[in-house]
Amino acid sequence: MPLVRIDLVSGKSKDYQQKVGEVVYQALLYALNVPEHDRFQVITEHPLEQMPFDRDYQGVHRTDDCIFIQITLNAGRDVEQKKRFYKAVADGLHDAVNLRREDMFISLVEVPKENWSFGNGEAQYA
């Protein structure tokens, strides 16, 4: 059950935003074995001044097009799966929306399964 939050600079088209969301979803299916139809995303636009980031942290040069992708998901994926996911997102966004591979910041937040409720006030995985 991933919850995906994608933050990007204002001014990108709805088509661009939809393609970004689709690339992330497909990478989750491919690399992290997320079940089909398990798609919950929040895509938010911000003025550039509300998205401060270091333009050269870790030797990676970022431009104004940098997007942030934060995914909360069940714990348990190994390092190789995560690397495969990062690469799938980078390659997919480069191909789909011509986003530079340097302009994506991805954070995975792992939680225990009992930390989810899909509705009805129930902990379906508990």
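For region 60-90, how many residues are more than 13 Å from the chain's Cα centre (by Cα) and either closer than 11 Å to VAL23 by Cα or among the hydroxyl-bearing types (Ser, Thr, Tyr) (or both)?
At the first step, the residues of region 60-90 found to be more than 13 Å from the chain's Cα centre (by Cα) are 60-65, 74-81, 83-84.
Imposing the further condition that a residue be either closer than 11 Å to VAL23 by Cα or among the hydroxyl-bearing types (Ser, Thr, Tyr) (or both) reduces the set to 63.
Adding up the residues that qualify gives 1.
List, please: which pairs have Cβ atoms under 6 Å, are six or more places apart or on different chains, and start with a residue in region 103-115 that is closer than 23 Å to VAL23 by Cβ and end with one that is at pLDDT 95 or above and among the hydroxyl-bearing types (Ser, Thr, Tyr)?
Partner pairs satisfying both residue conditions: ASP103/THR63; ILE106/TYR86; VAL109/THR72.
With at pLDDT 95 or above, in contact with an Asp or Glu (Cβ under 7 Å, 6 or more places away or on another chain), under 23 Å from VAL111 (Cα atoms) and surrounded by 15 or more Cβ atoms within 10 Å (Cβ to Cβ) as the only criterion, which of LEU8, LEU29 stands out?
Of the residues listed, the single one that is at pLDDT 95 or above, in contact with an Asp or Glu (Cβ under 7 Å, 6 or more places away or on another chain), under 23 Å from VAL111 (Cα atoms) and surrounded by 15 or more Cβ atoms within 10 Å (Cβ to Cβ) is LEU29.
Test ASP64 against the stated conditions and say whether it is part of a loop (DSSP other than H, G, I, E, B) and not β-branched (Val, Ile, Thr).
yes
Taking region 1-50, which residues are part of a loop (DSSP other than H, G, I, E, B), touching a residue at least 40 places away in the same chain (Cβ under 8 Å) and touching a strand residue (DSSP E or B) at 6+ places or on another chain (Cβ under 6 Å)?
Once the filter is applied, which keeps residues that are part of a loop (DSSP other than H, G, I, E, B), touching a residue at least 40 places away in the same chain (Cβ under 8 Å) and touching a strand residue (DSSP E or B) at 6+ places or on another chain (Cβ under 6 Å), region 1-50 yields only PRO2.
Anything in region 61-105 that is among the aliphatic types (A, V, I, L, M), surrounded by fewer than 17 Cβ atoms within 10 Å (Cβ to Cβ) and touching a strand residue (DSSP E or B) at 6+ places or on another chain (Cβ under 9 Å)? List them, or say none. Give the derivation first.
Initial filter on region 61-105 (among the aliphatic types (A, V, I, L, M)): 67, 69, 71, 73, 75, 79, 88-90, 93, 96-97, 99, 104.
Pick out the ones that are also surrounded by fewer than 17 Cβ atoms within 10 Å (Cβ to Cβ) and you get 75, 79, 96.
Within region 61-105, just ALA75 meets the criteria.
The values are calculated or read from the model by the stated rules, or taken from the named source; none is laboratory data. Computed from a prediction, not measured in an experiment: that's the story for all the values here. A quick note on method: Cβ atoms are made from the backbone with ideal geometry, for glycine too, and the neighbour counts reach across all protein chains shown.
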